[in-house]
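Everything on this sheet refers to the single structure shown next.
The values are calculated or read from the model by the stated rules, or taken from the named source; none is laboratory data. Small disclaimer: the values here were computed from a predicted structure and weren't measured. No Cβ is skipped: glycine too gets one built from the backbone with ideal geometry, and neighbour counts run over all protein chains shown.
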Amino acid sequence: MEKTYLETIRETAAFIKEKVGELPQIAVILGTGLGELVNHIEIKAELDYHTIPNFPVSTVEGHSGKLIFGNLGGKYIMAMQGRFHYYEGYDMKQVTFPVRVMRELGVETLFVSNAAGGMNKEFRVGDVMIITDHINLFPENPLRGKNYDELGPRFPAMTEAYCNALVNMADDIAREDNIRLMHGVYVGTPGPTFETPAEYEYFRVIGGDAVGMSTVPEVIVANHAGMRVFGVSVITDLGGKDIKEVPTHEEVQKAAIKAQPVMTHIIKQMLERI
Ligand code: HPA
């Protein structure tokens, strides 16, 4: 008989538990070009995605595909180096599968990072934006279909999808260390196209500050599962009707890599304070 979704989650979690002794309560999903954080982790165990049962395999350039367990900022954490994007062809259950597994392993706090295009006119390339809220423009919600009450409620609230206390903590760190830290609403789109000038404009008008092709599905599932979430975007390009520059994957990666030290600093400091 075919396994249920719940069974695949539990099977994968059991596999990881057996391979990795200690289990974390904190997880970090590393987005485009932000894998550098891994260099700061005192690594205890690593699992390639392709060795983990039921795990999708990452394909995009710049995403290597590993679960890493180790110490960072005085805390034992797990990190996802490489995530699964909807535009790669994965369905929403696959995109969010690792978050389900994290929860099953006992993770309570999720950090997510990504690269995003900025619509807010105050933003500059290289800015770091704390995600305070999001707008889901993916064509499908990852919770569509049968709800497993063991995983979370049928109709979860999304009123504090990004934990206010963690936003405040990041603000404190930025103030103390003189870091320019923006706040904003992240618009999640399926991609893989970057936006037309009219689309950037539209996303700004509906309340968005930055737009990207990830994060929202994972954050929905994390909230469904009762996790608290902290999200951060690196603004890698700007969009709107007055912007002439054309975004490319290479530029996005370059800008993200440049912002890595700031991102790493904030996340490390937060882990120390959590
Ligand atoms: N649009 C969508 N996704 C992105 C962008 C963008 O401008 N920049 C980085 N990821």
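Side notes on the structure shown:
- Taken together, Ala174, Ala222, Ala256 contain a single residue that is within 14 Å of the ligand (Cβ to nearest atom), in a helix (DSSP H, G or I) and in contact with a Leu (Cβ under 8 Å, 6 or more places away or on another chain), which is Ala256.
- When we screen Met227, Met213 for residues that are in contact with a Ser or Thr (Cβ under 7 Å, 6 or more places away or on another chain) and within 13 Å of the ligand (Cβ to nearest atom), the only hit is Met213.
- Some residue of the range 188-201 being among the aromatic types (Phe, Trp, Tyr), within 10 Å of the ligand (Cβ to nearest atom) and in contact (Cβ under 8 Å) with a residue 12 or more places away in the chain: yes
- Test: residue in the range 98-117 that is under 15 Å from the mean Cα position of the chain (by Cα), in a loop (DSSP other than H, G, I, E, B) and either crowded, with 23+ Cβ neighbours inside 10 Å or away from the ligand (no atom under 13 Å from the Cβ) (or both): yes
- For the range 19-27, the criterion of a residue being part of a strand (DSSP E or B) and crowded, with 17+ Cβ neighbours inside 10 Å is satisfied by at least one position.
- Residue in the range 33-44 that is within 16 Å of the ligand (Cβ to nearest atom) and part of a loop (DSSP other than H, G, I, E, B) present: yes
- Among the candidates Leu67, Leu72, Leu30, residue that is crowded, with 17+ Cβ neighbours inside 10 Å and within 16 Å of the ligand (Cβ to nearest atom): Leu30
- So Met158, is it closer than 15 Å to Phe230 by Cβ, under 21 Å from the mean Cα position of the chain (by Cα) and in contact (Cβ under 8 Å) with a residue 24 or more places away in the chain: no
- Filter pass, Ile135 being within 16 Å of the ligand (Cβ to nearest atom), at pLDDT 95 or above, in contact with a Gly (Cβ under 8 Å, 6 or more places away or on another chain) and not in a loop (DSSP other than H, G, I, E, B): yes
- Check on Gly184, within 23 Å of Arg83 (Cα to Cα) and not in a strand (DSSP E or B): no
- Those residues of the range 200-248 which are crowded, with 18+ Cβ neighbours inside 10 Å, over 18 Å from the mean Cα position of the chain (by Cα) and modelled with pLDDT of 95 or more, in sequence order: Tyr200, Phe203, Arg204
- Pairs are defined by a Cβ separation below 7 Å, a sequence spacing of at least 6 or placement on different chains, a first member in the range 203-217 that is of a type in the set (Lys, Arg), and a second member that is within 10 Å of the ligand (Cβ to nearest atom); the pairs so defined are Arg204/Met119.
- The set of residues in the range 249-274 being crowded, with 20+ Cβ neighbours inside 10 Å and β-branched (Val, Ile, Thr) consists of Val252, Ile266, Ile267.
- The set of residues from the range 178-193 being surrounded by fewer than 17 Cβ atoms within 10 Å (Cβ to Cβ) and out of contact with any helix residue (DSSP H, G or I) (no Cβ under 7 Å at 6 or more places or on another chain) comprises Asn178, Arg180, His183, Thr193.
- Hits in the range 76-97 - residues which are surrounded by 21 or more Cβ atoms within 10 Å (Cβ to Cβ), assigned to a helix (DSSP H, G or I) and within 16 Å of the ligand (Cβ to nearest atom): Tyr86, Val95
- Hey, Thr196 under 19 Å from the mean Cα position of the chain (by Cα) and among the hydroxyl-bearing types (Ser, Thr, Tyr) or not: no
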